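Working notes for the structure below.
Bear in mind that the values in this text are calculations on the coordinates, not laboratory data. Everything numeric here is computed off the predicted structure, so don't read it as measured data. No Cβ is skipped: glycine too gets one built from the backbone with ideal geometry, and neighbour counts run over all protein chains shown.
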């Protein structure tokens, strides 16, 4: 369900495992619709399209969270849905996710939830959680969209009114001091088999992932704590498939930011840097097959995203420049280039963290990726 | 051109590079036709089908050698053909290959060529080359088909008469003493860029490749000599793309057996054991893009082919057993199982040659592959 780059890369792994796939795509130009043998056109929020998909597959899985949980629940009689709509809820609805994590005693930013029908005094909210506040649309956001950092009661009131007007629940959180952004990636089967890749460090700029470093700044203690947190979450949400847990390292310890129940940008490095990729283990998991090894194949891995620059040049036009770097693993998504659009990623594995990072950036830059000012000189 | 497993695995690499592919398939059930987004149905020996393919692509490349070189030559005005029909001739026509290698002073078994219209005294042939003789159909054979080992003049006469009757040129060779079978895999671009993977040891039983060990028994001297031989051949045949040179290690040195100008079974290990796979470098080469690193990612790699057993069980039925081996990389081709049919392969990378080999065999056996008696206990 969904035909973006995640579905496209899942198809590559499915081919090797001999697993036949049908992609539900909104448009024939979607990244995975361009490579899939079998495509059903339709929206994941259209009951008719879901039935057409369910009729021709044994298991339904997801490329994104922009789904209708009630439609999915109705579909469960006819087809296996992995992860289940009950698990997916914690990725679709950030308020439900935050409450469940809190109820299970997992470390979170302090938070409040405001329903669209509720009135709340923004000044008092700030008094309780401290300024600035982070206000998130509980549903519908992705890649930083639907996340607002507000400095005072006036700004907060404006954002809350807009969300209420759109009928969207607001999740309001304290802004924690972020020392580093980390991600824990795990896979779990219906039989309960569980595997965790090493915890990674990610660089998010304006809410969008720009690079992933393995292990980056992640300490041994953080690796163990991150994996343990992710395992507890995987078990209580009863996830099937790959789950990414976005984490903030703060001066006082790790807190959980968000969940994704699918292969995730923070796990693209596994295609070239781990024995088994997140895409292959996602397939194995949803088919209740044994999981493959999540060990790294090298000491250091860097994964850098390729974005369209202001000139919106097609990275294909500069493919030769990027491929001239013999250790760069390119993964392009076949998307039409647009400024700021994520068009691919580059993985580099090796033994020196500075070398793998600068090599991956070199290839990403060759493909037209602008380097954000917020990144340090290694990326330049 | 051709929609077998090689085309299928090429599509996996093409997806990652953002290269769009159209597959010419004889049947919609062919391995690559099952996964390709775009399929043209038709035979590689049908002029109409070739024109339909050439109309929709920029570059034509090959999954097998069962092609019509004259039709291809006629097509060259409209589309880039890589490798060219002039290069392909040395893979399609074993007599032309053997004469060209001999003319360039490359080490070969002693040989004679007998045209279908020619009469030859088999007894004298054996007198000149020694018994037993190896008689090969110069064209049309693959995986051991079209290769005959004959012990005396009566047998030789029978085989030669059959080939003459079929209008096929015979390549007759001395049977060299084979200490080991090796293969040198290289890639070359139209610009002349060249890359060689490490020389591997292969186990062929009844003419069919059963396992590939990297480096196996290959000595440093053999590695250097094999790569140098392959480079000389690549240059004089002016190959574009991947070329495999099958070699015999004999008590008196290496001799060249055959050439293949496409990704090759002896190079499947590169998918998981080399920085760049043969499929990706084949694509890079035919598009005249820089070649990726051919370095190994680990010290030892084993690749074992999966075959249908006498019960013709589908390897999918035992997928869980094979995937329970966490370091086994499975590559299945989606083919209908038949006894003796090649259905996939398993790659294992690591540091201990015995462990990677026995692990790969364990997974192949789990998928129903019979173990040939000719293989030693490591495979059991």
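Mean-square fluctuations from a GNM of chain B, with a 10 angstrom spring cutoff on Cα atoms, peak among B:78, B:121, B:288 at B:121.
Label-point spacing at residue A:104 relative to the other copies reads 6.2 nm, in ascending order, each point sitting 7 Å out from Cα along Cα→Cβ.
Spin-label model, residue A:179/residue B:252: points 7 Å from Cα along the beta carbon direction are separated by 7.2 nm. On the basis of the beta-carbon distance and an R0 of 25 Å, residue B:373 and residue B:299 show a calculated FRET efficiency of 0.25. Taking other Cβ atoms within 10 Å as a rough exposure proxy, A:287, B:6, A:41 sort from fewest to most as A:41, A:287, B:6.
In nanometers and ordered shortest first, the copy-to-copy spacing of the residue B:238 label point, defined 7 Å from Cα toward Cβ, is 6.7.
How big is the antiparallel share of DSSP beta bridges in the protein assembly as shown, given as a percent to the nearest 5?
Working: 114 of 126 bridges.
Counting DSSP beta bridges with both partners in the protein assembly as shown, the antiparallel share is about 90 percent.
Pairs of Cα atoms under 8 Å, at least six residues apart: use those to get the relative contact order of chain B, whole percent. Please list the in-between numbers first.
Values: 836 pairs, mean separation 49.4, N = 380.
With pairs under 8 Å counted, the relative contact order is 13 percent.
The ranking of A:172, B:233, A:224 from fewest to most other beta carbons within 10 Å of each one's beta carbon is A:224, B:233, A:172.
Projected onto its three principal axes, the C-alpha set of the protein assembly as shown covers 106, 51, 50 Å, listed from the longest axis down.
Coordinate range of the alpha-carbon atoms in region A:180-375 per principal axis, descending: 47, 40, 31 Å.
Give me the percent relative contact order of region B:180-370, please, defined on Cα pairs under 8 angstrom at least 6 residues apart.
Numbers: 452 pairs, mean separation 39.9, N = 191.
Answer for region B:180-370 is 21 percent.
Does region A:243-348 classify as rounded, prolate or oblate by the C-alpha gyration tensor (a ≥ b ≥ c root eigenvalues; a/c under 1.5 gives rounded; else a/b over b/c gives prolate, otherwise oblate)? Prolate. Across region A:1-151, the relative contact order, built from alpha-carbon pairs under 8 Å that are at least six residues apart, equals 15 percent.
With helices as the sole contributors, chain A gives -9000 deg cm²/dmol at 222 nm; each DSSP H run of n ≥ 4 counts as -39500 (n - 2.57), and the sum is divided by every residue.
Taking a ≥ b ≥ c as the square roots of the eigenvalues of the Cα gyration tensor of chain A, is the shape rounded (a/c under 1.5), prolate (a/b larger than b/c) or oblate? Working shown, then result.
Values: a/c = 1.39, a/b = 1.12, b/c = 1.24.
Verdict is rounded for chain A.
Largest GNM mean-square fluctuation among A:185, A:129, A:24, using chain A with Cα springs under 10 Å: A:129. Inter-copy label distances at residue B:351, shortest first and taken from points set 7 Å along Cα to Cβ: 1.3 nm.
Per the rotation superposing chains A and B, the chain A residue found at the smallest beta carbon distance from the axis is A:12, 2, distance in Å. Of all the options A:231, A:77, A:362, the one that moves most in a Gaussian network model of chain A with Cα springs shorter than 10 angstrom is A:77. Cβ-to-Cβ counts within 10 Å put A:296, A:9 in ascending order as A:296, A:9, the fewest first. Taken along the Cα-to-beta-carbon direction at a fixed 7 Å, the label points for residue A:52 and residue A:341 span 2.3 nm.
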